[in-house]
Amino acid sequence: MAEEILFSEPGARWRLVAFGPVFCTVALIIELLTGPVVHWFALPLFAALLSGFLYVQVVAARRHASVELTPTQLRQGTEELPISEIVKILPPPDTESYVPQPWETARTLGELSAVPRRRSGIGLRLRGGALVQAWAKDDEGLRTQLESLLAKADGGAEQ
């Protein structure tokens, strides 16, 4: 039985692969309506090339920039972190401060060297005191789900 998914971001959507053919079809329609020259060979070639490049990018983003949270683990890209390893969720960064908090320079979860573009970091303290950065586009949503899981774990430990 598959675990319940509490939070998920795919990294990229497959509909991006259709952009090349859609744009080239629009260009073809414009050429048919406005001019004597129609690029019958070039437009399908560019549509295929754009789709190929976008396919590679979507596959990479879905592998390395996706996020999934279940009751037992947090997956960031290709790295899986058991929820039991998380001791504390650190406060969000102070946007007024010029000095970064220690977790903002900590290792980023996943194989990437930094938080992916258009995503925000969330500081986590792990067992043993290590600091790491989790990340998501909807960082508030992920933070809320993580806090809920940690509250349940703490509540269960106290009983």
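General remarks:
- In segment 46-101, residue nearest to the chain's Cα centre (by Cα) [restricted to those that are assigned to a loop (DSSP other than H, G, I, E, B) and of a type in the set (Val, Ile, Thr)]: Thr78
- Any chance Arg117 is closer than 28 Å to Asp154 by Cβ and not assigned by TED's automatic domain parsing to the domain that holds Arg13: no
- Test: Tyr98 is without any contact (Cβ under 8 Å) to a residue 12 or more places away in the chain and among the hydroxyl-bearing types (Ser, Thr, Tyr): yes
- Failed condition for Ala47, given (1) under 15 Å from Trp135 (Cα atoms); (2) in contact with a Pro (Cβ under 6 Å, 6 or more places away or on another chain): (1)
- Condition met for Gly110 (outside the structural domain of Phe23 (by TED's automatic domain parsing), of a type outside the set (Phe, Trp, Tyr), surrounded by 11 or more Cβ atoms within 10 Å (Cβ to Cβ) and closer than 20 Å to Ile5 by Cα): yes
- Failed item, numbered, when Phe19 is tested on (1) within 16 Å of the chain's Cα centre (by Cα); (2) surrounded by 13 or more Cβ atoms within 10 Å (Cβ to Cβ); (3) more than 18 Å from Arg143 (Cβ to Cβ): (1)
The values are calculated or read from the model by the stated rules, or taken from the named source; none is laboratory data. Every value quoted in this text rests on a predicted model; they were computed, and no experiment measured them. Glycine gets a Cβ as well: all are built from the backbone with ideal geometry, and neighbour counts include every protein chain shown.
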